1. Does B:ALA41 satisfy being in contact with a helix residue (DSSP H, G or I) (Cβ under 8 Å, 6 or more places away or on another chain), modelled with pLDDT of 90 or more and facing another protein chain (nearest Cβ under 9 Å)?
2. Which one is nearest to A:PRO136 (Cα to Cα), of the residues in region A:167-180 that are touching a residue at least 12 places away in the same chain (Cβ under 8 Å) and not in a loop (DSSP other than H, G, I, E, B)?
3. Would you confirm whether any residue within region A:209-225 is among the basic types (Lys, Arg), facing chain B (nearest Cβ under 10 Å) and either at positive phi or surrounded by fewer than 15 Cβ atoms within 10 Å (Cβ to Cβ) (or both)?
4. Mind checking whether some residue in region A:120-142 is free of Cβ contacts under 8 Å to residues at least 12 places away in the same chain and either of a type in the set (S, T, N, Q) or buried (at least 18 other Cβ atoms within 10 Å of the Cβ) (or both)?
5. Can you tell me which residues in region A:227-265 are surrounded by 15 or more Cβ atoms within 10 Å (Cβ to Cβ) and assigned to a strand (DSSP E or B)?
6. Only one of these is over 28 Å from the mean Cα position of the chain (by Cα), at positive phi, more than 13 Å from chain B (Cβ to nearest Cβ) and surrounded by 14 or more Cβ atoms within 10 Å (Cβ to Cβ): A:ASN67, A:ASN101. Name it.
7. Quick check on region A:1-16: of everything there that is out of contact with any Lys or Arg (no Cβ under 9 Å at 6 or more places or on another chain) and assigned to a loop (DSSP other than H, G, I, E, B), which residue is modelled with the highest pLDDT?
Amino acid sequence: LQALHRILKAKTRRSKRFLQSRQPKLTEDQKSSMIIRGGNTSQTVSQALKDVYALKKPNAVLYKRKNMVRPFDDSTALEFFSKKSDCSLFLFGSHNKKRPNNLIFGRMFDFHVLDMFELGIERFVSLRDVKTDTCPEGTKPLLVFAGELFETDREHQRLRSLLTDFFCGPRVSAVRLAGLEHVLHFTALEGKIYMRSYKVLLKKSGCRTPRIQLQDMGPSFDFVMRRNHMASDDLYKTAHRQPRGVKPKKKKNISHDAFGTRLGRLHMQKQDLDKLQTRKMKGLRKRRGEQTAETAAAAAKAPRTDE
Amino acid sequence: MASCSVEDVLTKAERDEAEKLKGITVNKELDLEFDPGNLLAFDKNRIDTREFKDNKREDFLRSLARDNTQLLINEVWKLPTERVEEIIVAKLPDPTTSLPREKPAPKPKPPTKWEQFAKLKGIQKKKKTNLVWDEVHKEWRRRWGYKRAKDDTKEWLIEVPENADPSEDQFAKRNKAKKERVAKNEYNRLKNIARAQKIKVPGMGLAPTPRQSKAELAQAVNVAKISTASVGKFQDNLPKEKTPKNTGKKRKFQPLIGDFSSEKQKQLDLLKVMDSKKPRLDITKAVNKQMREEDRDSAQKSKKGFGKKGRRGNMSGKGKGKAGGKGKAKKGKGQKPHMKQGKR
C-alpha cells in the first residue's frame, strides 16, 4: 500500500500532507484506536464502547454500525479497517449467548494483528450513571496496575502492556502539575481485572506535595479473562525494534561528583614542568642580590644539618 | 534556655517533619515500580482477599487506588519543574516501559539517478526565492504554478525560427514538446521507484497499458513467441504471418582465428579505401533513398488532398522515373526501404 502511494503522486498539497502523515516515521505519534461494534451487541456493550470512545477522544474512531466480524477466526476485516483508518489499536464489542458482553482489546503492528485479549464484562458502571464532573477530554491519565499477577503471569504481563498502550495518552515532555486529574486503576485478582477510573483532587498538605483524595468518576469495569491471541516472541521483538536515529547519543566524558558539579577529563600530552610558562608577577621575581643571599643562607644551613 | 538539649531539639524537628509528611506518606510492603515518563505505577503487593468482599469492594479498591496514586504523585512531584507562562510544569523523563511500534521503522530511500549524479559531481541544491519579478506585468509573481512569472502558454505571438518550416504550427509544437517532457518526467519517476524497490520492469511495449500501438503489440507478440524453452523455434505461425528473417543477432562477427588470408585481404582493402580519397558511393542505396523521399512527399500531398474523399488505396502518387545520378553518399548500414514501389 505504501508503494502504491508513491506511484500515485499526490495532486494537491493537502493530500500530500495526508499521505506523509501515514508514512512510517522515526518517532511515532500517538496511536489512534478504532472502536468497532460487532454483529450483535447488548445495551451494556454499546454503552461501554461509547464510554471508552469518550475516554479516548480525539484519537479514536467509533464504528457504530454492525460489523459481522469474528476477530479470532478471521482478522482480515479488522486489518482492512485499520489500514483504511490508520489505527493500530482496536476495541471490538459483541454479545452472544456463549460469550455475553464481550470486549476484545487488540493492537496491530504493520497492519497485522499483534495481540488480542478477549475480556468479558461482568459489571459495568457507565459515565452517565456516576453524576460527578469529569475531567477535560484528552488529559493524560495516571495509570496504576495493582496485583502480583501482573508481574508473575505471562498473559497478565502482556495484557498490562496492551492496556498501557491503549490508555496512555500522547507522549509528552512536560506535564502541568495541577492538570493531573484522571487516574485509571487496574487490579488483577483471581483471573479477574477490576478497572476503576477516578478524578484526582489535590488537597493541601503540610509540605509541597499535595495529599490525594479520589472521587469516583467515569466508567468502571469488572472484567473476566477469556480467550487471547498473543504474538510470537520474535514478532513481538520485531515490533519493539527501534530505529537507529531514535536513541539519543550519549555524551561521553561527563561525570558528576557528590556535590553535583559537572566534571570532565582533559587528556594532555606529557609536559615538562620545568619549562612551564606560568603567569609572570614582577614583584615576585628574584633579584640578583637576594639570590646570592639565599644561596649563602642555604649553604650555611646545610652544614648545620649535616652536623 | 539552658535546659533545652540538642537531642530534644532534634527529636522535636523530626516530629514536626513527620507531622508534615503524615498526609502524604503511605506504608507499603514492597515499593512500587514507577515510570514517570508514562505516568505509570505498578504495585506488586499482594492483595488481601479477605478485605475484598462484595459489600466493601468499592471502598477497598478506592483506598488502594488512593494509596497508589499518592505514591505516584509523590514521585511526580520530585521531578524538576519550570515555569512556563505562569504555570508550573514538571519535566517528564523518557518513558521506561517499552511499547511496540505501530509500523516498522522507515528504511532510508536509495538515491535517485539525479541524486547519485549530483553527489558524484558535488552539485549542491540552490535555494530559490519564492517570487520572481515579472517585467511584463511589473509585479512579483510566483516561480511556477497559477499566474506564474514567465508563462509560455499565454504567449499570443511566437516567432518562426529561421530554419523551421513556415507552415508548421509553432503553438502545437510547443504543446507537444511540453507533453513529451511531462511524459518523460513521469517515466523517469516510475523508473526511480522501480529501482528503489528493486522491481524488474518489463521493457517498452510489454507492460500492459490501456492504449497500445500496432508496433507495441507486434513487439509483444514477437517476445511472447520466443519466450519458450526452444526460443520460438517450434512455434507455429498465425495465418498470414511471416516469420521475421532477421531475428537473433543483429551483428555477425567473424571467428577470432579463422581464415588468415581472407582476414589479411580484408584489412588491405580497408586500408586502400581509406587512402583513396574518393567518396564511396552505393548507387542502389542512394537511389532508394531518393525515391523514398519523393514517395513520402507525394503521399503527404495526396493525403491532404484526398483524405476527405476516403481512401484511395496504397497509392504511391505520380509515377517517377529512376532518379539516377548521385544522391547522398551513404556509408555503413543502409536503411531498409519500408515502402513498396508502385507501378511506374
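1. Values: in contact with a helix residue (DSSP H, G or I) (Cβ under 8 Å, 6 or more places away or on another chain): yes; modelled with pLDDT of 90 or more: yes; facing another protein chain (nearest Cβ under 9 Å): yes.
Spelling it out, B:ALA41 is indeed in contact with a helix residue (DSSP H, G or I) (Cβ under 8 Å, 6 or more places away or on another chain), modelled with pLDDT of 90 or more and facing another protein chain (nearest Cβ under 9 Å).
2. Step one: filter region A:167-180 for residues touching a residue at least 12 places away in the same chain (Cβ under 8 Å), giving A:167-172, A:175, A:178-180.
Pick out the ones that are also not in a loop (DSSP other than H, G, I, E, B) and you get A:167, A:175, A:178-179.
Details: A:PHE167: 15, A:VAL175: 15, A:ALA178: 13, A:GLY179: 10 Å.
Here the residue is A:GLY179.
3. First, pick out the residues of region A:209-225 that are among the basic types (Lys, Arg): A:211.
Still in the running and facing chain B (nearest Cβ under 10 Å): A:211.
Imposing the further condition that a residue be either at positive phi or surrounded by fewer than 15 Cβ atoms within 10 Å (Cβ to Cβ) (or both) reduces the set to none.
Scanning region A:209-225 turns up no residue that is among the basic types (Lys, Arg), facing chain B (nearest Cβ under 10 Å) and either at positive phi or surrounded by fewer than 15 Cβ atoms within 10 Å (Cβ to Cβ) (or both).
4. No - not one qualifying residue is present in region A:120-142.
5. In the first step, residues of region A:227-265 are kept if they are surrounded by 15 or more Cβ atoms within 10 Å (Cβ to Cβ); the result is A:228-231, A:235-236, A:238-239, A:243.
Within region A:227-265, A:ASN228, A:HIS229 qualify.
6. Values: A:ASN67 fails: at positive phi.
Only one candidate qualifies: A:ASN101.
7. So, considering only residues that are out of contact with any Lys or Arg (no Cβ under 9 Å at 6 or more places or on another chain) and assigned to a loop (DSSP other than H, G, I, E, B), the one modelled with the highest pLDDT is A:THR12.
So that you can scan it fast, the table gives a plain yes or no per residue for (1) part of a loop (DSSP other than H, G, I, E, B); (2) at pLDDT 90 or above; (3) within 9 Å of chain B (Cβ to nearest Cβ):
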position: A:PHE150; (1), (2), (3): no, no, yes
position: A:LEU159; (1), (2), (3): no, yes, no
position: A:LEU162; (1), (2), (3): no, yes, no
position: A:ASP165; (1), (2), (3): no, yes, yes
position: A:PHE186; (1), (2), (3): no, yes, no
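The values are calculated or read from the model by the stated rules, or taken from the named source; none is laboratory data. Values in this document were obtained by computation on a predicted structure and should not be read as measured data. All Cβ positions, glycine included, derive from the backbone under ideal geometry; neighbour counts span all protein chains shown.
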